[in-house]
Amino acid sequence: MPVDTKENPSLRSIYGSTYFMSRSLETYASAPPEISAQKSGDQLRPHLYNPYEYFHAWQETGTTMLLGTLSMIKPLAEQQLRALEMTDEMLGMGKEMQNFEMLRYSQPSLYYGTPETRGQSHIIMTNGFTPYNIMTENAFVAPFLEFYRTMIPQLKSNAFLEPKRKWYERHGHTTNFAFDDPNHIWYQNFIDTYHSTVDALDLHDDVWIDGLSGGGLLGEMVAKKLAGEGAVVNLITNGSPEVSEEMLQVFDKSIEQPGMMGQVHMLAKMSATMDPDQEKMAEEIYEATQRQFHPDSTVIRFYSKDDRVCPKPFDPNAIEVGGKHAVIPYREVVLKTLQKVLTDSNHRREAA
């Protein structure tokens, strides 16, 4: 028997509420947010509303707040990641340098060389990338900094590679740095490396450039440029990017990578924009990607699969040696390889 709701307002209210709740699911996806009037008999009543509208509003507000929080947390997390990687890098560097110095006791023939491994090559060393520091590299501060570097050699830009330079000298080779200033991978650094190599070629017939990281990039540019002039220059790179179109494409995207690699590459690109001769440098880099090494040149590339700064080279003959980026030149396998290669080079020249 149907219930007469007209005679009972309370029942009409209950049944009306039930009706609205049953209809709410049907209108969940289609009900507009605004209130409109519908005619029902002689009365106007509000349009059915979406009971979940407030929950969606809360959800959107919560999502907005979460994204805002993440936008603040992400830079902090990336900064923390870089700090952890830098700490690990420094600890690894200290351990590797300690291992290198211990070779004088564990493998004296590798540390000091022997009569059989002594040679007469000329080695030009180029240090890795150093970000431009406007606080110390200006007309007011530079003279004072140069004074302290003269008094304390450990403050010099090339100080980290000084033990490797002495290693070459203990093996009888002549060595010098391409330049003493910080390596910003600028045109002037390239020109200095070029002139240092030309000067060495005037005095020696077996010239090598040994570059760490960005220093290897400069060395490759110079070796290829001189190859076009008919000169034979050998190259050793340690955790260095190849000067090729493929590697340049990798570096264009590298700043998007988290951690040290993205940070270092971003600083390198920023430094390039500060080069007074950036257009000349860009032209030299492009020309180096189109050039080849001299057919008589020896090219040895060392890299580490654990390197957080420079990606793996495309050269299939590159030698994987492990270890942290900055101490690749001091790895035992690197020293043994160079000791043998330079000895063989010396023997070939003597036989000729």
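Among the residues of the range 279-305, which ones are charged (D, E, K, R) and surrounded by 14 or more Cβ atoms within 10 Å (Cβ to Cβ)?
We begin by selecting, within the range 279-305, every residue charged (D, E, K, R); these are 279-280, 283-284, 287, 291, 296, 301, 305.
Of everything in the range 279-305, those that are charged (D, E, K, R) and surrounded by 14 or more Cβ atoms within 10 Å (Cβ to Cβ) turn out to be 280, 284, 287, 291, 301.
State which residue pairs qualify: first residue farther than 16 Å from residue 119 by Cα and inside the range 155-181, second residue assigned to a loop (DSSP other than H, G, I, E, B) and β-branched (Val, Ile, Thr) in any location, beta carbons under 8 Å apart, and separation of 6 or more residues or different chains. Pairs found: 157/130. For the range 170-202, the set of residues classified as more than 18 Å from residue 235 (Cα to Cα) and open to solvent by 40 Å² or more (accessible area, probe 1.4 Å) consists of 170, 180, 181, 187, 188, listed by residue number.
In this structure, is residue 270 surrounded by fewer than 20 Cβ atoms within 10 Å (Cβ to Cβ) and either out of contact with any Leu (no Cβ under 6 Å at 6 or more places or on another chain) or of a type in the set (Lys, Arg) (or both)? Break it down stepwise before answering.
Values: surrounded by fewer than 20 Cβ atoms within 10 Å (Cβ to Cβ): yes; either out of contact with any Leu (no Cβ under 6 Å at 6 or more places or on another chain) or of a type in the set (Lys, Arg) (or both): yes.
It is true that residue 270 is surrounded by fewer than 20 Cβ atoms within 10 Å (Cβ to Cβ) and either out of contact with any Leu (no Cβ under 6 Å at 6 or more places or on another chain) or of a type in the set (Lys, Arg) (or both).
Cβ-Cβ contacts under 6 Å between residues 6 or more apart (or on different chains), taken from a first residue in the range 228-245 that is open to solvent by 10 Å² or more (accessible area, probe 1.4 Å) to a second residue that is of a type in the set (S, T, N, Q) and not in a loop (DSSP other than H, G, I, E, B), are listed as 244/289; 245/289. Filtering the range 133-152 for residues that are basic (Lys, Arg) and out of contact with any helix residue (DSSP H, G or I) (no Cβ under 6 Å at 6 or more places or on another chain) leaves an empty set. Residue pairs whose Cβ atoms lie under 6 Å apart, separated by 6 or more positions or on different chains, with the first residue in the range 134-146 and closer than 19 Å to residue 271 by Cα and the second modelled with pLDDT under 70, are 136/145. Just one of the listed residues (222, 250) is at negative phi and either open to solvent by 10 Å² or more (accessible area, probe 1.4 Å) or assigned to a loop (DSSP other than H, G, I, E, B) (or both), and it is 250. A single entry from 103, 161 fulfils the requirement of being at pLDDT 90 or above, open to solvent by less than 40 Å² (accessible area, probe 1.4 Å), touching a Pro at 6+ places or on another chain (Cβ under 8 Å) and assigned to a helix (DSSP H, G or I): 161. Evaluate the range 325-336: report whether one residue or more is touching an Asp or Glu at 6+ places or on another chain (Cβ under 6 Å) and in a loop (DSSP other than H, G, I, E, B). Scanning the range 325-336, I find at least one residue that is touching an Asp or Glu at 6+ places or on another chain (Cβ under 6 Å) and in a loop (DSSP other than H, G, I, E, B), so the answer is yes.
Comparison of 298, 337 shows that the only residue that is among the hydroxyl-bearing types (Ser, Thr, Tyr) and either at pLDDT below 95 or under 19 Å from residue 193 (Cβ atoms) (or both) is 298.
Test each condition in (1) polar (S, T, N, Q); (2) modelled with pLDDT of 90 or more; (3) part of a helix (DSSP H, G or I) for residue 263 and report the one that comes out false. That leaves (2) as the condition not met. Put simply, of 297, 345, 304 the only residue that is under 30 Å from residue 171 (Cα atoms), under 20 Å from the mean Cα position of the chain (by Cα) and among the polar types (S, T, N, Q) is 304.
The values are calculated or read from the model by the stated rules, or taken from the named source; none is laboratory data. The structure presented is a predicted model; accordingly, all values stated were derived computationally and were not measured. Ideal geometry is used to build each Cβ from the backbone, glycine not excepted, and the neighbour counts take in all protein chains shown. Areas reflect the complete protein model, heavy atoms only, side chains present, ligands, DNA and RNA absent. Shrake-Rupley method; radii C 1.70, N 1.55, O 1.52, S 1.80 Å.
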